[in-house]
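See structure below.
The values are calculated or read from the model by the stated rules, or taken from the named source; none is laboratory data. The structure presented is a predicted model; accordingly, all values stated were derived computationally and were not measured. Note that we place each Cβ from the backbone using ideal geometry, even for glycine, and neighbour counts take in every protein chain shown.
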Ligand SMILES: Nc1ncnc2c1ncn2[C@@H]1O[C@H](COP(=O)(O)OP(=O)(O)OP(=O)(O)O)[C@@H](O)[C@H]1O
Ligand SMILES: Nc1ncnc2c1ncn2[C@@H]1O[C@H](COP(=O)(O)OP(=O)(O)OP(=O)(O)O)[C@@H](O)[C@H]1O
Ligand SMILES: [Mg+2]
Ligand SMILES: [Mg+2]
């Protein structure tokens, strides 16, 4: 028997309509690409997003069409998020840091009809345009006064487009499972694959982000979205902010420590989110200049593991809470968030930091389990580790256009490719990626563990650990490291350093030095490239 | 185009499964009907709810069957909430304070197959049993040792039933729109009508309750559910607690000020929720005994309007925040909640209390509008008032068995029967119920306003205001009041008192005194009865 409740769809447009009506004068502050700080509010963003939707209709955009963006975090990008998804089309955010060939591959794979571009990326588009045959036009996110000179003849001006609309547009109703946005994975383990979110999944995910045990977003917050809007929907912050009426602060193109810090202070930012690399830059800036944070309450760190030292620096030196979070493009992305429980209140700070170093607790809405090679569930005891599987209403069911084939097992679980532990409080700890784990004589060595220890060796700036085939042990670890400029650290020094914390069988067999390590567009170590580069490497021990 | 996201239903069982797995040792503390305080936790409640579902299956209960409860707030009632809805049946909570005939009407209308009863209500059931022909059995919420002597031959023992189950039951998957629970309205304006919730509506409503701008429930909370579980799902607290892993404290049958206060202190309660009457009793107790609250952070007041003095007493005298909330059985029930916005932080306390006196802000997920008699939307300016309409994924679409006919207009809006204002920040203020408003010479007089002012007159304990027909003005207000024991207050005194705050045309034409005013089972003024009693009353002014 079905219940008797209104059949209202969960639509992305309801988020901005809500804030437009009920938090109309809450600010959205952006560092614009054109230069100055720009201030708008939810009332205006909702009104302009509707005008944009109306304008796209005039351009012939239909429900289901993919519309690309190559843009920084800013208010126009927010308007595009709502305008495109709100009319039932698909907002496809593109990472401009990808290699140009990857960008062309993604745009063509997605079959983007139009692409919104920030001024910064006009040269990129000009270089690529001939490979993007299906794109009808590029909408430059600026006003007439700032329109660039360009050899391209299909450039449109964003503000002119909007000016052509009136106030008559209302958000349409449609099936909540309608595709809303498309985001490709980072390409760390292979070619980027498209994840196609729905209106429903986005609204549900926003509830998870807003939950106090998620990222705890409320109208008391001023949110600095450091994580780019082209990276897994800026971790849902844009939607969560509208759901809760939080102030938004958008950094635009200026992602250096000084610029980020300046915004935090000027806009009384209470919460921020980003990958570890960004926080390293910020902390360096703050330390060098002897600064402190006057409004920041917490920062969300994810995308790669946050090192214990980074967490303790934030918490102990600056009084900023750290929420360590794990997620994937495939999980919208929030899966686990590292808040402490009530029972942790009286623990010594160092134990509290140990807990924060884990990847966080399972958020309601997400189911996680770990399994062995035969898909048997392993205990949630914080010790057993296995393949991490995930299920839930904001988790992917398969990639765009069927790439990668069937991704769910018969009970509907998605295999993350990560290996980790779970405990009785729902905390998850990533051990490694399953492709990166080193299988040595039946035991597993976590490449992440060895990397983290190696970085602690004086003279080492960055380190990657990969598996090299070994006749006796199957695989053994190789450390590939970058030295501090002019430092005389040797392979023996590194191994000697590791001996103090690692078990003997976990010690790397060799250490080689390189000038630079390869990274993905989101700043992660690109181990596929390293494995390719070192595929003929023979260990001394072999 | 549909997106590619897992098709996971939003089920009530996922709430308790989540906390059972991830907040397993968080406590649920109950004052038991048998006597002592009882302590359990989410792990056990989840396990026992599954056993209960298995046991109901053995009794022949099927998906869609209605299963009644006549019970206080306690852990077994929580297990029933999850066990019944989790298996796809419908948990029908019955208000034991209704008149026996109303109870019989409701049970038969719902066609309850089994009814769970607390020991307290055995005499009630014995008296009613002969009128409840369709009920197969009554499951007494106790163990064998406490089973009552009874003339009824279809009493089952709760603990024995559960003991007959093993650990093999898993929560089934089914359509998220499956009916989960049935709750009848309070019967203030007519016969109680059944609202049939769904699994989906309950999960979505729980997100709204957990939101910081809703009731802000998190695992840091210890929640005292004073609002009964038979009154609009205890305002969703049971579900929100499981969603967030909050500790639950259940008062059982002891609802007096002293017992409530004792639990608050002993269980370090941080948040509580209930109707104004309960808080009046609690505040009287606390004042008389010169006590203070050591852990309470906020209290939720709703169901009827919270008086300004009650709010200011909590906030100013006791440092307890008040969240004034409005809702209806038909709205699951949360519609608006009275949290302050960031921009209110620096206002003087008295202005902050003015804001809290409104019925609260629109919660994301709920759409509210006010309309005139021709269904034109009125401005959200905090001044214009009109019929309050509501829409959203946890709002009723119609009553059980079609009572009351079509309830939605063509755009899907439900008419609340309340009259109020909305403002640009989403705050709503109830002016009156549309049936209670006094229409005098084209102007509307709020019966609530006049009542609130009349209560302020020395010597008046309680007052109700109803409309009496008038040849010239259509309707004029009559005050029906209860005097303080032995007080000599007169009708002239009351009118003189009102002259200081009300406009001349709002003044009541007469004041009559009665020994007692009629109330509904949830403690609201029963104006239908008053209108009946005074239907032949002739105003002196007529
Ligand atoms: N807090 C964290 N700690 C450790 N690893 C993390 C954390 N957060 C995310 N990750 C890693 O990032 C992955 C998700 O990243 P993303 O979706 O951006 O693409 P990718 O997996 O790096 O690229 P691709 O899937 O294309 O190979 C996770 O599977 C996990 O390996
Ligand atoms: N904070 C509040 N201030 C004023 N009135 C409130 C408040 N909260 C709820 N109410 C009133 O309570 C009503 C909802 O109550 P409920 O669903 O328990 O049944 P009822 O409306 O009293 O009874 P019935 O619908 O059977 O006549 C609302 O429509 C509103 O009139
Ligand atoms: Mg990946
Ligand atoms: Mg009602």
**Request:** Within region A:275-302, work out how many residues are at pLDDT below 95 and closer than 25 Å to residue A:212 by Cβ.
**Result:** 4
**Item:** Condition met for residue B:203 (within 13 Å of another protein chain (Cβ to nearest Cβ), more than 28 Å from residue B:295 (Cα to Cα) and touching a residue at least 12 places away in the same chain (Cβ under 8 Å))
**Value:** yes
**Fill in**
Of the residues in region A:10-24, those that are more than 8 Å from chain B (Cβ to nearest Cβ) and assigned to a loop (DSSP other than H, G, I, E, B) come to A:11, A:12
**Request:** Within region A:302-333, count every residue that is in contact with a strand residue (DSSP E or B) (Cβ under 8 Å, 6 or more places away or on another chain), more than 10 Å from ligand 1 (Cβ to nearest atom) and more than 14 Å from chain B (Cβ to nearest Cβ).
**Result:** 6
**Message:** Scan region B:41-64 and tell me whether some residue there is at the interface with another protein chain (Cβ under 9 Å from one of its Cβ atoms) and touching a residue at least 40 places away in the same chain (Cβ under 8 Å).
**Reply:** yes
**Fill in**
Of A:252, A:257, the only residue that is more than 27 Å from residue A:366 (Cβ to Cβ) and touching a strand residue (DSSP E or B) at 6+ places or on another chain (Cβ under 7 Å) is A:252
**Fill in**
Checking A:474, A:493 in turn, the sole residue that is surrounded by fewer than 17 Cβ atoms within 10 Å (Cβ to Cβ) and at pLDDT 95 or above turns out to be A:493
**Complete:** Of the residues in region A:316-332 that are surrounded by fewer than 19 Cβ atoms within 10 Å (Cβ to Cβ) and part of a helix (DSSP H, G or I), the one that is farthest from ligand 4 (Cβ to nearest atom) is A:317
**Message:** Which residue is farthest from the other protein chains (Cβ to nearest Cβ), if the candidates are limited to region B:178-200 and must be near ligand 2 (Cβ under 9 Å from one of its atoms) and within 13 Å of residue B:233 (Cα to Cα)?
**Reply:** B:186
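So that you can scan it fast, the table gives a plain yes or no per residue for (1) within 16 Å of ligand 4 (Cβ to nearest atom); (2) farther than 28 Å from residue A:521 by Cα; (3) at pLDDT below 95:
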| residue | (1), (2), (3) |
| --- | --- |
| A:173 | no, yes, no |
| A:177 | no, yes, no |
| A:189 | no, no, yes |
| A:194 | no, no, no |
| A:219 | no, yes, no |
| A:224 | no, no, no |
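Give region B:338-374 a look and list any residue that's assigned to a loop (DSSP other than H, G, I, E, B) and within 12 Å of another protein chain (Cβ to nearest Cβ), or say none.
Selection gives B:339, B:340, B:341, B:345, B:363, B:364, B:365, B:366.
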**Prompt:** Within region B:407-417, which residues are in a strand (DSSP E or B) and surrounded by fewer than 19 Cβ atoms within 10 Å (Cβ to Cβ)?
**Reply:** B:408, B:415, B:417
**Prompt:** If you take the residues of region B:433-442 that are part of a strand (DSSP E or B) and more than 16 Å from ligand 4 (Cβ to nearest atom), which of them is farthest from the other protein chains (Cβ to nearest Cβ)?
**Reply:** B:440
**Request:** Find the residue count for region A:44-71, including only residues that are under 26 Å from the mean Cα position of the chain (by Cα) and within 20 Å of residue A:132 (Cβ to Cβ).
**Result:** 8
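Identify, from the list B:335, B:420, B:404, the residue that is assigned to a loop (DSSP other than H, G, I, E, B), touching a residue at least 12 places away in the same chain (Cβ under 8 Å), under 30 Å from residue B:239 (Cα atoms) and within 16 Å of ligand 4 (Cβ to nearest atom). Show your work before the answer.
Details: B:335 fails: assigned to a loop (DSSP other than H, G, I, E, B); B:420 fails: assigned to a loop (DSSP other than H, G, I, E, B).
Only one candidate passes the filter, namely B:404.
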**Item:** Residue identified as more than 14 Å from chain A (Cβ to nearest Cβ), assigned to a loop (DSSP other than H, G, I, E, B) and more than 22 Å from the chain's Cα centre (by Cα) among B:88, B:35
**Value:** B:35
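Given the options A:515, A:509, name the one that is surrounded by 13 or more Cβ atoms within 10 Å (Cβ to Cβ), farther than 25 Å from residue A:415 by Cα and not assigned by TED's automatic domain parsing to the domain that holds residue A:369.
That would be A:509, the only listed residue that is surrounded by 13 or more Cβ atoms within 10 Å (Cβ to Cβ), farther than 25 Å from residue A:415 by Cα and not assigned by TED's automatic domain parsing to the domain that holds residue A:369.
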**Asked** Which of (1) surrounded by fewer than 20 Cβ atoms within 10 Å (Cβ to Cβ); (2) at pLDDT below 95; (3) within 30 Å of residue B:192 (Cα to Cα) does residue B:377 not meet, given it meets every other one?
**Response** (2)
**Request:** Give me a count of the residues in region A:301-348 that are within 30 Å of residue A:200 (Cβ to Cβ), more than 11 Å from the chain's Cα centre (by Cα) and away from ligand 3 (no atom under 16 Å from the Cβ).
**Result:** 6
